[in-house]
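Heads up, the thing below is written out as structure tokens.
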Amino acid sequence: MIIEAKNVDFWYGNFHALRGISMNIEKNTVTAFIGPSGCGKSTFLRLMNRMNDLIDHTRLTGEILIKGENIYSRGVEVDLLRSEVGMVFQKPNPFPKTIFENVAYGLKVNGERSKSVIRDKVENALKQAALWGEVSDKLNQSAMALSGGQQQRLCIARALAVSPDIILMDEPASALDPISTAKIEELIFELKSNYTIVIVTHNMQQAARVSDKTAFFYLGELIEYDNTKTMFLNP
Ligand code: ADP
Ligand code: ADP
């Protein structure tokens, strides 16, 4: 198992947002988190790369292990964790920089100095994100000039550039038009051979199309967790 959650409870101040969540996620699979708004999907997703560390007055009990290591134990390097466990948000959020700089960003933060290595990795990430063909001749143009769907694939390339094992996606297509959404879904399917993907979606059909396993959250609890095929064929 690449991700294991063991009896996780989580509080925002006095608000008990997650209760007794356990989950085992296998490598090279897509897991979809579904359930009504406010039931804890994003909260649980953000726990997996410690994005919740940015919020004050929170409390976590239980364990989350990634590749067998408890990510909340002392001595874990959060920056390193966040390159191993990349994240893509609902609204595409490229930096107001060039396309190249966006994808190269994490490599430079991680200390990569070689220009040729950076160039190769940027190209490779853009290819994996199915964006290379559309941007290879304008890498030095601003990312802000791209369409919403292209910006989202750029954000995926930015996450991929630092060679993560896991990509967390929080409603990655819900701000996009249907054609861009279809491209993101197709991409998720292709990325599965090299990455483990966890996706929050409010769209049941999307969960059914892209995921191997589905986790149904309700009021902070995981009330159903099964193979997507089983879950959607036996409602
Ligand atoms: P979902 O992703 O299923 O829509 P969230 O995980 O975003 O749900 O939120 C779960 C619950 O936690 C909601 O009631 C939400 O209002 C609350 N919540 C989320 N973030 C915070 C926060 N930073 N501080 C306090 N409460 C929060
Ligand atoms: P999502 O699309 O993840 O459900 P929301 O619109 O619920 O996002 O929340 C957006 C931001 O506001 C998140 O960073 C979340 O942590 C924060 N937030 C959500 N609910 C609350 C709350 N009740 N109190 C404080 N912050 C909250």
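The values are calculated or read from the model by the stated rules, or taken from the named source; none is laboratory data. These numbers were taken from a predicted model, which means no experiment stands behind them. A quick note on method: Cβ atoms are made from the backbone with ideal geometry, for glycine too, and the neighbour counts reach across all protein chains shown. All accessible areas refer to the heavy atoms of the entire protein, side chains included, with ligands and DNA or RNA removed. Shrake-Rupley method; radii C 1.70, N 1.55, O 1.52, S 1.80 Å.
Things to note:
- Verdict on VAL117 being part of a loop (DSSP other than H, G, I, E, B) and either over 30 Å from TYR218 (Cβ atoms) or not aromatic (Phe, Trp, Tyr) (or both): no
- Test set (1) crowded, with 16+ Cβ neighbours inside 10 Å; (2) aromatic (Phe, Trp, Tyr); (3) closer than 18 Å to LYS127 by Cα - PHE189 fails condition number: (1)
- Residue match in region 226-233 (condition: surrounded by 14 or more Cβ atoms within 10 Å (Cβ to Cβ) and in contact with a strand residue (DSSP E or B) (Cβ under 7 Å, 6 or more places away or on another chain)): yes
- Single match in LEU154, LEU168, LEU139, LEU176 (criterion: more than 24 Å from ARG82 (Cα to Cα) and buried (at least 20 other Cβ atoms within 10 Å of the Cβ)): LEU176
- Cβ-Cβ contacts under 6 Å between residues 6 or more apart (or on different chains), taken from a first residue in region 88-115 that is polar (S, T, N, Q) to a second residue that is assigned to a helix (DSSP H, G or I), are listed as ASN102/ALA143; ASN102/LEU154; ASN102/ARG158.
- Boolean, ASN194 is open to solvent by 20 Å² or more (accessible area, probe 1.4 Å) and in contact (Cβ under 8 Å) with a residue 60 or more places away in the chain: yes
- Which numbered condition GLY111 fails, given (1) part of a loop (DSSP other than H, G, I, E, B); (2) modelled with pLDDT of 95 or more; (3) under 26 Å from ASN49 (Cβ atoms): (2)
- Lone unmet requirement of (1) under 25 Å from VAL135 (Cα atoms); (2) part of a helix (DSSP H, G or I) for ALA208: (1)
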